[in-house]
Structure formats: structure tokens, C-alpha cells
Amino acid sequence: MSDSRKKTKMVPLPSQAIIPERDTAEKPILEVHRLGINFGGLVAVEDFNIAVGRTEICGLIGPNGAGKTTIFNLLTKVYQPTSGAILLDGHDTSNMNTAQINKAGIARTFQNIRLFPTLSVEDNVKIGLHNQVKYSMATGILRLPRFFSSERRARERAMELLDIFDMTHLASHRASSLPYGAQRRLEFIRALATNPKLLLLDEPAAGMNPSETEELMSNIEKIRDQFQIAIILIEHDMRLVMGICEGIAVLNYGKIIAKGTPEEIQSNPLVIEAYLGKKKGDQ
Amino acid sequence: MDFLSYLISGISLGSIYAIIALGYTMVYGIAKMLNFAHGDVIMVGGYMSFMATTHFGWPPLLSVLFAMAVCTLLGIVIEQLAYKPLRSAPALAVLITAIGVSYFLQNAALLIWSANPKSFSSVVFLEALRLFDGRLIISGTTIVTIIVCLVIILILNTIVNKTKVGRAMRAVSEDKDAAQLMGVNVNKTISITFAIGSALAAIAGVLLCSAYPILMPTTGAMPGIKAFTAAVFGGIGSIPGAFLGGILLGIIEILGKAYISTQLSDAIVFAVLIIILLVKPTGLLGKKVLVKV
Amino acid sequence: MGRLRLKTSTDNLLTYGLVIVAYVVIRILIAGGSISSALQGQLVPITAYIVMAVSLNLTVGVLGELSLGHAGFMSVGAFSGVVTATLLAGAIPTTWLRLALAMLIGAIFAGIFGFLIGVPVLRLEGDYLAIVTLAFGEIIKNVMNIIYIGYDASGIQFSMESTNALQLGEGGKVILSGPMGAIGITKLSTFTAGFILILISLVIVLNLINSRAGRAIMAVRDDKIAAESVGISVWRYRMMAFVTSAMLAGAAGALYALNYSTVVARKFDFNTSILVLVFVVLGGMGNIRGSIIAATVLTVLPEVLRTFNEVRMLVYAVILILVMLVRNNTTLQHLFQRIGVRRKKDLLNGEKGDDA
């Protein structure tokens, strides 16, 4: 199933696609045109263009301070862009706020993990299911039959999701008491619970050891195949990025300096320069 | 002419609020706590000055110094006993403790001086100023209050911006931990801030009672709340903000009383505060903080 | 420590049980004549304060926003409740029904005020939000002080000047008289009514906390940005908690006011807001049972301390400070543990109530 899916990956706007020669059969899930933001005159991101296929895994890399997380914040409207357009599944998102963006299909994780620390692991996932399993406040207070059926459904779904990362045994633990790696995984699960079409992962492998990273890589691919979603990830671990990303965009000083497949990126002189600096002789 | 007269009383009342608000704002800026007992230190200052003049027969100026000394000591003791042990506790725990201290001071005053109002005789003996053939009269207390407020602002500004203690204060208010690492004695700096704030409260207490000569255990409560409002008004943590907020609050209160409704003057003050905060959510001179995600 | 209790339902049952047992015990004691009349007079106010504390806990503990003007909603509920009860005196002779309607109308009016105040207030954050709730509390107190309401044969009369301005006809009656407050109230409130109101508040608050909406409210408390990122409308759930809290305070206000023959607006001032806040913080943020215990103990405590007479409020203040110090200072806590004093889970360790 995943094989047939991979073939239909697309990019109708060659200039903006990370990998221009990709199949253009289907509309991209995300199209970003000339996105930019400045903070009181300081240009943090400018002229950012990208298109992401329906089940594509792509990487956003670049040196510290290049503006990668800012891109995520713009896509999810944590910051309001000062210029440009973001089309999600062909629809303009300019009038949406963060919550509406999520309902429309973008979920994310955060670089500095943002769980609901005082709540249980299970409740964290159930909060991710907020717009998936719905019932009114009155239903909840009056404990109407619908409350019980919905709660049961939410619990079952939460357990299914926790099971992806083998975390069901931690369900009743307080989120803040989990070890760092488990917190990252929980945040991942919470984002998945919102049933996104596009998942933004901000440094998912940060703080993980090589074997954990290995496991994470296979999990990311597994989730993409199982849920049929697109994933953009910011990551410094090049083994992960080169290992699972089909397209990579490199950001430096708020601008894209290169786009392409992992092989193209690895041999791109601009990228090497951005990461390692210019050779002495070149100056 | 009436308007001018109201305006001047407004500035005078505002000066008192500003002096109290400075205490609130400095403590907030440095210890990140709302010291609800601050208003009651004002009341203690008032009683001290009252005692010194009526019971010991001391001259007014000496009574003010006495009140300042007692309040400074009181401020340091309160800080050491009640607030210092809670340095790493949640903000709300410190707030409730401050409320406890406030109850304590009010009820101690009630025991010592009883609920009967004392009539306070002004410590100011300056002749009233008569202008425009006596159509505009500015009382001596008013003049002294405004001058004292200006002098305090100048002194404070110098302390905060020009001295070593001031630099330590700015460092602690910016980042307590980093300041500690750089060798700033955080505890000492906080104590000094409380001492200064309490000394100011004593001055405010004396001026307040000189202008409105009724002294009761609850005298400080309402001016305390209003001065706190003034501090937020101007942007809490900012010294010029406290000054500006205090003066504006005083003017609004007096003009509201004169032209709109006596009973609603407090409501007007608070309504203006709400409007200001809606337009500028961190107060007039407060800094906007960008949340980092 | 990390494991959260799964048995929230048993925990909630314990809370209901506590309230019911306390009610039964007090009833028996009253029947046996072993409760002083002074304390009996305190029973309705205690139930009103319990509801106030439970409702404020929804704002402060569950939503995580400091409110310094909760008494304002009590005030709105009290006066609208009194007006309702007085106007219905002829139409509905059944006192319990009249009281129930008065509390309902009180809750609705307080809810409307909660919404109107919530619109500006909930745009702010932290200490600024707190100061604006304080400001609204004071504004409500001031405005209530200039409202005059009366009724006569031609209907309800309203004025903001004086009782004379009401121009009441023959046989007219003044209900609200500005700074004099509500006068000539027929006492309707009973201890049982207070007990029922507590149960209703518990059902609302506890069921809310353990439902989809309650989780969303707590998510907003824990991390606004993360809550938005999973599709929760922060504004909506903050408002939901705030209005629910205001409505319960309104009902408590009606209950409180209908226990006296006169009630003045000054009664519901900043000090009352703070008093209720003290109940919440001492009982433990988000810990509903803690709020109930703290409200009861701290309302009864001054009565018990009456033997100390003049110094009782001083003792109260000292106890308050000491409890805060003991609960929040690590050095003191270690000391207490060393000499073998186990902290009482409910009252003293309530802050971390849900991981107990």
C-alpha cells in the first residue's frame, strides 16, 4: 500500500517544490508562497517558498538561528506572517488562528517540549483528541449516556495511539514525570491524535541516543505509511534527516539556500559553506 | 479656576499614590511579588508620626524621620520573616502570605491604637499659596507633597541608575539567577529594596494623613490598592511608570469626584485602568514581552 | 509519585461523602442541642463560602488565573436574588421554590456579568488579569451602592439617585436602597438549602473537571500555546470556566443575602474576595475537597478563637502566615518530617492534591 502511495507524490509548482522532478499527479498538501516575517525590522524569514506532497517526509535543516522553528511558528500561526501565503490542501489559511490551523490539518511538536505537565499521559493524548471525540459541556456535567460512550471511545483511541510507541503502561503517569525521550514521544502522539494531514516535528531526535534515534526513524516512516500523512521535520541529526527524508530544504539567515534530495543536498557547495563556513583560501 | 484647583489637588493626591506605587513597583520588579502588606506599612508610618508628635512632643520633621526609621525596620523584618523563606515558592503562596502580613498589621494596630480614628495634625506648616486674588488657593500640604514626590523620584532615579546598589537591583530584576552567578548578593539587594519601599511608605503615610487627617488601622488599605493599581497602570516594574500612573490616577480620581459623581469616583478610576490595560496590556510604560516558542 | 491516581471517581465519592456526613452530623448535633446558637447562625454563611471557594477554585486552580474580584459576582447574585425573592413573594408562596428561583436568577445575572467582564479580562495575562478582576470587583461594589429599586402597584421602579426618586405609590416597597443595601429581606435561606447548593456545585465542578471541557480548561492552564496547537480554542474554554465560576458565586451570593434581613454592597468587597482566595490557596489549588475543608475551618476558626477575644484576628493572621511558611518552605518541611509530624495530606499538601 505504501508503495503505490509513494508513486503518487506530487509537486505541481516546480519552482517551489523541494524536489522539482517529483510526480505532479496530486495536489500538494502544503504550498507556501513568498512567506516572510520581520520582528520590528529584523527580517527573520523572507521569501520562503515550498510545496509538500501528500505523504512526503521532508526535512528542514540549517544552522542554529536560521529560522527553522520560526517557519513552524508561521505555518501554525503562533506568529502572524508579515507577507506571503500559506495554502493548506489548496485552502488559504490567512484568516485562521492556531487552533483553526490544527482543525484544518496541521499538528506540531515543539523544540522545547510543551506537554500538559500536571496531567496524566492518557489525558494529554485525550486532549489531542479534543476535536475528534466531541460532546458538549452539558453532556459532560450531566453525565448523559453520550458522555460514557464518547469517553470510552477516547480512551480506546488514546490507548491505540500510545501503543504505537509502547507507552500504554505509562498511561496513568503524570506527563512531567516521564523521562525526556518519552516526553518527546508523548508530544508526537498528542500531535497525531489531532488527526493531522501534515505533521511538523521540531527536533524529534533531540536528546536521544543512537538506538533510540534508529527506532524513531522507523516509527516516523511507519506512522507516515499507516496514517498517510505528510511530515516536515526540523533536525540536526543528519543520519536521521538523510535516512528518512525524501526532500530537504536548507535554510540560512531566513532564506532557503538549497532544495533537493538528500544526495543533492549533501554535495551542494552552498550547504557545505553554510554549515562549515568558507574555507580560508576562498575569502 | 475650579478646574485648575481640582487639577492641582489631583496632582497632589497623585503624588502620594506615586510614592506608594514606587514601593509596589520596585518590590515587584525585583522580588516578582505583589506585596499586599505595603498599604498597611503606610498606616504604621502614619501612626508612628502621630505618636512622635502627640505623645513624645517631637517636632514634625523628626517625627517623619522616626516614622521612616520604624517602617524601614518593619519592612526588613517582614521580608526576613515572612517572604525570604518563600523565595522559591509559587507566586500565589507569597501573595497569600503578604495578605496574612496585612491582616496582622491591621489587627495589631487595632489592638494598640483601637478602631477610633485619630485626628492627625499636618506636619506641614507652610503658608497656603493664594493666586489670582485669592481665587486659587493651594495649601501648604499640597505644595510640599508635590515637591517631596519630585525629589523622591529624582533620588530614586539616581540610586537605580547611578549607584552600585542600583546596578545590583537592575541585575536582579532582569535575571535573579544570572545576577547571583555574577556575584550580586540577591538577598541583600531584595532587603534593600524592601527597606527603600517601606521608607517611602512612611513618607506617603505622613503626607496622606496630613492631607486627609483621619488615621485608622484601615487607613492604608484603600490607598494601597489604588497605588497598586497606579503601578499596574504605568506598567508594573517601571519607576517612571509608577510616577506617571500615580499622578494620572490622582487626577482622574479628583476630576471624577468633581465633575461626574462622588460615589462613583473609585469606579471611574478602575474603569480607566481597565481601558488602559486593554489598549496597552502591560501598562503605559511596561515592556511588551514576546513569548518564545 | 509520578503515577496519577486512576481512581478519580473514588476520590470524588470521598468528597461527596464528606459533605453528606458533615451535614448529617451537624443535623444530629443541632437536634441534640449541642451546637451554640452563634455557630448555628454561621451555618448558612459557611455553606455560601464553601460554594464561593469551590467556584473560585475553578478559576484559580483549574483554569489557573488569579481572580481578585470574586466577591463582585457574589454581590451581583446577592442583589438580583434578593430582588427576585421579594418580587415573587406574592406570586410564589412556597419559600423553598422562591429561594431556588432567587439563586437561579442570581446565578444567571452573575453569569451575564461574568461574560461581560470576561470579554476584556480574558484578553490579559497573569498579574494584569488579576488586577482587572480586582478593578471590576470594586466597580461592582461602587455601582451597587447607587442603585435604588422598589416596587408598587404600577410595577418595578429603578433609580440611581435616591429612594425618593423611585416615586413609589401607595403601599410601595423599597428593595434596594443604595448605600443602605437591600433592606427588609424575608429570610429564606436554610442550612439544608446551602447543603443542596454545595452538592450541585460539586456535581458541576467535579463532573466538568473530569470531562472533555474540563481537560481542555486544564490544558489551557498548563500551556496555552500547546493547547492551541491541538485545536483548543483558548478563549472559549477560559470563558467557559470563568462564567461557570461566576454563576456559582452568584447562587452563593443569593443564598448568603437571603439569610439576613439587610445586606450592604460593602459586604462584598476586596476583603471578601481575598478571604475566599485564602480558602482556595490553603485548601490547595485545584483540590475541591481542600477548598471545602479550608472554607469551613477558616470560617469557624475566628468563632473558636473568640475565647482569645481581642487578639483573635491577630492569631488568625499568624496562623495564616505560619501555614503558608510551613507548606512552602523546604527547610521547615524537613524539620517537621524529622520530628515526626506527617503533613496532613488534604489541608496542608493540597497544592499537589492530585498526585497524592
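Laboratory data are not the source of any read-out in this text; all were calculated from the coordinates shown. Source: prediction; values computed, not measured. Note that we place each Cβ from the backbone using ideal geometry, even for glycine, and neighbour counts take in every protein chain shown.
Calculate for the protein assembly as shown the 222 nm mean residue ellipticity that helices alone would give, adding -39,500 (n - 2.57) per DSSP H run of length 4 or more and normalising by residue count, nearest 500 deg cm²/dmol. Rounded to the nearest 500, it is -19000 deg cm²/dmol. Basic side chains Lys and Arg get +1 at the Cβ, acidic Asp and Glu get -1 at the Cβ, and with that the dipole of chain C about its Cα centre reaches some 1040 debye.
Look at the stretch B:275-283: the mean tally of other chain Cβ atoms within 10 Å of its residues' Cβ atoms is 3. Per residue of peptide C:328-334, the mean number of Cβ atoms on other chains within 10 Å of the residue Cβ is 3.
Can you check what the net charge comes to around B:I251, using other residues whose Cβ is under 15 Å from the Cβ of B:I251 (Lys, Arg +1; Asp, Glu -1)?
-1
For helix A:210-227, report the angle its Cα long axis makes with the longest principal axis of the Cα atoms of chain A; keep it between 0 and 90° and round to the nearest 10°. The two axes meet at around 70 degrees.
Which whole number gives the average, over all residues in B:262-268, of C-beta atoms from other chains lying within 10 Å of the residue C-beta? Write out the running numbers ahead of the final one.
Numbers: counts 1, 7, 6, 1, 6, 10, 2.
Per residue, the average neighbour count from other chains is 5.
Between segment B:112-158 and segment B:186-250, the C-alpha centres lie 16 angstrom from each other.
Packing, taken as the mean count of other beta carbons within 10 Å per residue, orders the peptides B:220-228, B:33-41, A:64-72, B:136-144 from highest to lowest as B:33-41, B:220-228, A:64-72, B:136-144. What does the charge add up to near C:N259, with Lys and Arg as +1, Asp and Glu as -1, over the other residues with Cβ less than 13 Å from its Cβ? Around C:N259, the charge tally is +2.
Judged by the gyration tensor of its Cα atoms, with axes a ≥ b ≥ c, segment C:1-92 is oblate; a/c meets the 1.5 cut and b/c is at least as large as a/b.
Looking at A:H130, A:N195, A:M167, which one has the Cα that reaches farthest to the positive end of the dipole of segment A:112-195 (charges on Cβ: Lys, Arg +1; Asp, Glu -1)? Sorting the options by dipole projection puts first A:H130.
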